[in-house]
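Have a look at the structure below, then the notes.
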Amino acid sequence: NKYKLPSNSAMLKKDFTFGVATASFQIEGGVSNRLPCIWDTFCATEGKIADNSNGDIACDHYNLWQQDIELINSLGVDAYRLSISWPRVINQDGSANQEGINYYIQILDALLAKNIKPFVTLYHWDLPQHLEGNGGWLNRETAYQFKEYADVITKAFGDRVHSYATFNEPFCSSYLGYEVGIHAPGIKGKEFGRKAAHHILLAHGLAMPVLQKNSPKSLNGIVLNFTPCYANTEADQAASDYADQYFNQWYIKPLFDKAYPEIINTMPDWQQPDIQDGDMDIIAQPIDFLGINFYTRAIYTSDEDEIYRQLPPPAPITDIGWEIYPAAFTSLLTSLNELYELPPVYITENGAAMADTIEDDKVSDFDRVNYYQLHLNAVNDAIEKGVNVVGYFAWSLMDNFEWAEGYLKRFGIVYVDYKTQKRTIKQSGLAYRDLISNR
Ligand code: GBH
């Protein structure tokens, strides 16, 4: 129940950042103090969430934030990654909601008082519902609304924030939300995913100069998720490459190369994003850091209709069915490092849904401890191979609302009893605390 890294590991040096991460909709609750968002609506739609739950209370972090910051502090982390609920801080007319802004300022000040660096994500999927009413991310105008929101927030927060990320995982918002519809707003159709993705990337590019101007001292960038693509046979390699372009490179290539992957040229008109003159230059703004979220890999085979088809993940898998394959983490980092001129990299999320055994006041999660050990090693290997990884955040600080899985899947290094809202640090959390304090 201890994490071990080589004693000369760069991850054990003072300037490497260890943190924990959460997202607003997944932990806050406090629903009556904000405008509705697309996840409220999605949860209210029968059959969308595995346990028919919603985010009305979640971890009640809206009320329990002080004790949660004590908890974060007790883990000894250097940094805390949180997200801002757009519908809590901006009114329907676009003006600032001072009550919502003050809520976050209290949190930021409490973190700073404990020497914990705030890493703030502006968009972790909770789009204000009224903007979805105007087309959401299918409407180019939403990108300009996001820029305004970024302007209000960065002015209000002043110099409190160590790092801003514009978006968390544009892949999830666009593909899962607007193409396969298993996430809010639940829109389905191959004609929508790429269009939504383009407007999200445009919003990122429009907001970057605003962040740099209003918050010049913070590290400003974006968080992307990657699910590296594999093939079992030579014959399946082309299908796997296509999937990689479609699911992974689509979101990073425009940031560095001002272009979407080659496969865009083979896609029919009705699937094409609406790219206007200058858009690709706007998207490719310089970023101070790149956030990378990694959980698993995926194996593809060729398919006549869809070009690629994902094969069922082989064992070992986590509670949510994702394969445990840490070698993909190392090769992802080294391959991105070869493909692009990367700024410093933060691992902004990594973690696992695993079963917990609760006995008295002890929560045992040996499989999660093992997952973290394997993936910390994988990051260390990438650093040894020359990738400039400067920080690592565990997903997640505590069990929370796991999107379409509701409260059934637990990713926390802290256990949450949803009846009492009691938090108990799991074995995996205690091991994380020890790793950090023994540096
Ligand atoms: C993150 O998304 C989110 O940022 C966070 O809010 C969330 O709680 C956390 O992960 C856990 O889900 O079908 O085997 O190919 C991660 C999203 C996870 C999407 C892996 C693609 C592929 C699984 N990605 N998934 S597989």
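The values are calculated or read from the model by the stated rules, or taken from the named source; none is laboratory data. Quantities reported herein were computed from a predicted structural model and do not represent experimental measurements. Heads up, the Cβs are rebuilt from the backbone with ideal geometry, glycines too, and the neighbour counts pull from every protein chain shown. The protein model used for the area step is the full one, side chains on, heavy atoms only, and it has no ligands, DNA or RNA in it. Shrake-Rupley method; radii C 1.70, N 1.55, O 1.52, S 1.80 Å.
Let me see the P(r) profile for the chain: every Cα-Cα distance counted, bins of 20 Å, each bin given as a percent of all pairs.
Histogramming the chain at 20 Å steps yields 26, 62, 11, 0 percent.
Could you give the length gained by full extension between D361 and Q67, i.e. 0.36 nm per residue of separation minus their alpha carbon distance, to one decimal place? Don't jump to the answer; show the numbers that get you there.
Details: separation 294, 0.36 × 294 = 105.84 nm, distance 1.79 nm.
Once the chain is fully extended between D361 and Q67, it gains 104.1 nm.
Specify which residue in the list N225, W125, M11 is farthest towards the positive end of the charge dipole of the chain, using unit charges on the beta carbon of Lys, Arg (+1) and Asp, Glu (-1), about the Cα centre.
M11
So if I place +1 on the C-beta of Lys and Arg and -1 on the C-beta of Asp and Glu, and nothing else carries charge, what would the dipole magnitude of the chain be about its Cα centre? I want it in debye, nearest 20.
Dipole magnitude for the chain comes out near 1380 debye.
Kyte-Doolittle cut-off -0.5, length cut-off 30 Å along the helix's own axis using Cα: show which whole DSSP H helices in the chain pass.
Span-like helices, by this rule, are 190-214.
Near E349, within a Cβ-to-Cβ distance under 12 Å, what is the net charge of the other residues, with Lys and Arg +1 and Asp and Glu -1?
Surrounding charge for E349 is 0.
So what's the net charge close to P128: Lys and Arg +1, Asp and Glu -1, counting the other residues with Cβ under 11 Å from its Cβ? Write out the running numbers ahead of the final one.
Numbers: positive: R34, R88; negative: D40, D126, E132.
Summing Lys and Arg as +1 and Asp and Glu as -1 gives -1.
Write down the accessible area per residue of the chain in Å², having rolled a 1.4 Å probe over the full set of protein chains.
Values: 17050 Å² over 439 residues.
Value for the chain: 39 Å² per residue.
If the chain between K190 and E262 were fully stretched, how many nm would it gain, using 0.36 nm times the residue separation less the Cα-Cα distance? Numbers along the way, then the final one.
Details: separation 72, 0.36 × 72 = 25.92 nm, distance 1.76 nm.
So the chain would gain 24.2 nm between K190 and E262.
Could you list which residues have their amide H under 5 Å from that of N97, counting only those 5 or more apart in sequence or on another chain, with H placed in the peptide plane?
Amide H neighbours of N97: I90, N91.
Kirkwood Rh over alpha-carbon pairs of segment 122-207, then Stokes-Einstein at 4 °C and 1.567 mPa s: what D in µm² s⁻¹, rounded to an integer?
Here the translational diffusion coefficient equals 99 µm²/s.
Distance from the Cα centre of segment 156-201 to that of segment 65-103, in angstrom?
Computed from Cα coordinates, the inter-centre distance equals 20 Å.
Determine which lysines satisfy two conditions relative to K147: a Cα distance under 16 Å, and not lying fewer than 8 residues away in the same chain.
Correct list for K147: K155, K213.
Cα atoms only: what Rg and Dmax, in Å, come out for segment 1-147?
Final numbers for Rg and Dmax: 17.8, 55 Å.
How large, in percent, is the carbon and sulfur part of the accessible surface of the chain at a probe radius of 1.4 Å?
Solvent-exposed carbon and sulfur of the chain make up 49 percent of the total.
May I ask which of K117/K217; K114/K422; K2/K362; K362/K426; K4/K362 have a Cα-Cα span longer than 19 Å here? List each step's numbers first, then the result.
On the way: K117/K217 13 Å; K114/K422 22 Å; K2/K362 16 Å; K362/K426 7 Å; K4/K362 22 Å.
Exceeds cut-off: K114/K422; K4/K362.
Please work out the C-alpha center-to-center distance from segment 402-420 to segment 267-342 and express it in whole Å.
Answer, in whole Å: 26.
For segment 112-152, compute Rg over Rh where Rg is the Cα radius of gyration and Rh is the Kirkwood radius from the inverse mean 1/r over Cα pairs.
1.16
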